[in-house]
1. With Rg and the Kirkwood Rh both taken from Cα atoms, where does Rg over Rh land for the chain?
2. Run the reach check for residue 137 against lysines, Cα to Cα strictly under 29 Å, same-chain hits fewer than 8 apart removed. What comes back?
3. Which cross-chain or sequence-distant (5 or more) residues have an amide H under 5 Å from the amide H of residue 336, H modelled 1.01 Å from N in plane?
4. Relative contact order, percent, of region 261-415 when contacts are C-alpha pairs under 8 Å separated by at least 6 residues?
5. What does the helix-only formula give at 222 nm for the chain: each DSSP H stretch with n ≥ 4 adding -39500 (n - 2.57), the total divided by the residues, and the result rounded to the nearest 500 deg cm²/dmol?
6. Among 400, 254, 214, determine the one that fluctuates most according to a GNM of the chain built with springs between C-alpha atoms less than 10 Å apart.
7. Against the globular-protein guess of 2.2 N^0.38 Å, express the Cα radius of gyration of region 21-180 as a ratio, rounded to two decimals.
8. Counting Lys and Arg as +1 and Asp and Glu as -1, what is the net charge of the other residues whose Cβ lies under 15 Å from the Cβ of residue 20?
Amino acid sequence: MNILVLNCGSSSVRFQIISTDLEKISGNTDRRLARGHIERIGGEAIITLETEGRAKQRTSAQVRDTRAAVEFIVRWACSEEAQVDGVKTVADVNAVGHRVVHGGERFTHSVLITDEVLRGIEDCIELAPLHNPTNIKGIQAAREVFGAGLPQVAVFDTAFHQTLPDYAYLYALPYQLYRRYRVRRYGFHGTSHRYVAYRYRQLRGIPREQTNIITLHMGNGCSAAAIRGGDSVDTSMGLTPLEGLVMGTRSGDIDPAIIDFVAAKEGLSAQAVETMLNKQSGLLGISGLTNDMRELLAEAEENDDRRARLAIEIFCYRARKYIGSYLAAMGGADAIVFTGGIGENSAEVRALVCKELEWFGLEIDEERNREHTNGREGLITRDGSRLAAYVIPTDEELLIARDTVRCVLGAPQRY
Ligand code: AMP
């Protein structure tokens, strides 16, 4: 089956076309036929397109809204020029899989989208006011472009973390806030944590039940997950993706009293302070330079910039503290898995995160660590290290395509 995977954001749409089915899933022979990215939707959009085995092309075009973006993608994918193998007309796309950010407590797995499911996603808008509406727009756009008959599947960022026990997902707040409004930890990046956990057990050749690891997704957004017996048992993001690790522009954990204090001092509303915590904090806030880790590492190296160094140090320190707390929460783990743009590429950040973890038996192999960049997967600790560390590039789109196939065929889902 050819699956169109869509990740619709407020002003961008990412897509992939993946050829997969149950046989390909078990043989790991899925094929990525095409991929691309439309940014700055609403005006003159910047478009990147790539067909398997061919060079990436960049172009621009007027793209009014999400629907126009989906139309553009389909028109391009079916064109002579794109040469997407096996995709000549709209009918060659067999299903669409969507990344949906928030599934609340209702969606514990991926689901075939019906009107009722769509209403359920709408009900979660209050939990993710910035994300779920754009995801819904993507679903509606695909319905309009492909017709209501084409199966569509929703894959939720929160679903993998629905196995958290109550003592891990509840905040120590008046219980009625949970009862009335479902205020609790949901966690995000679930598809990424789930994918790297799946790859880890494939690499090790172990069953799901023996998968006891801590996964660190470190990109522009960052989160950690404690995975015991294959299930997510704790994670660092909370009701929203603001909690937890230090991120590109997000603060991660802070004392909640800071919000009122800063609001009073700066004459801001609580909402304006929250925006500050989301958009002007994290690596950007500390360094005053950039939210981009690569640039910060270069600044620290080339110009010995004090605040760039501090931002990197705080980022790594916080990640290390999470590892320590999850090792305690899980009663130990077998491995730490790094993923996301920073986790996959920066040997320096990985080494800093792991620096004080020798006590837990983690021995980084410097050469292996250095060699694992640019999508290279594998072990970065010494042979015999009691706590291992791996780099595993994430692939959320692949899981979305596979979930879509399973939902369409009514096959059991694998989490
Ligand atoms: P993502 O959101 O997963 O695309 O990750 C984006 C982050 O990864 C940015 O902070 C990038 O600077 C960072 N990143 C990408 N490549 C590297 C690299 N080679 N070294 C350090 N950070 C990198």
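1. Expressed as Rg/Rh, it is 0.96.
2. 56, 88, 279
3. So residue 336 has HN proximity to 214, 388, 389, 390.
4. Contact order relative to length: 15 percent.
5. -11500 deg cm²/dmol
6. So, out of 400, 254, 214, the one fluctuating most is 254.
7. Ratio of Cα Rg to 2.2 N^0.38 Å: 1.23.
8. -3
Every number in this text was worked out from the coordinates using simple rules, so none of it is lab data. Just so you know, these numbers come straight off a predicted model, no measurement behind them. Note that each Cβ is placed from the backbone with ideal geometry, even for glycine, and that neighbours are counted across all protein chains shown.
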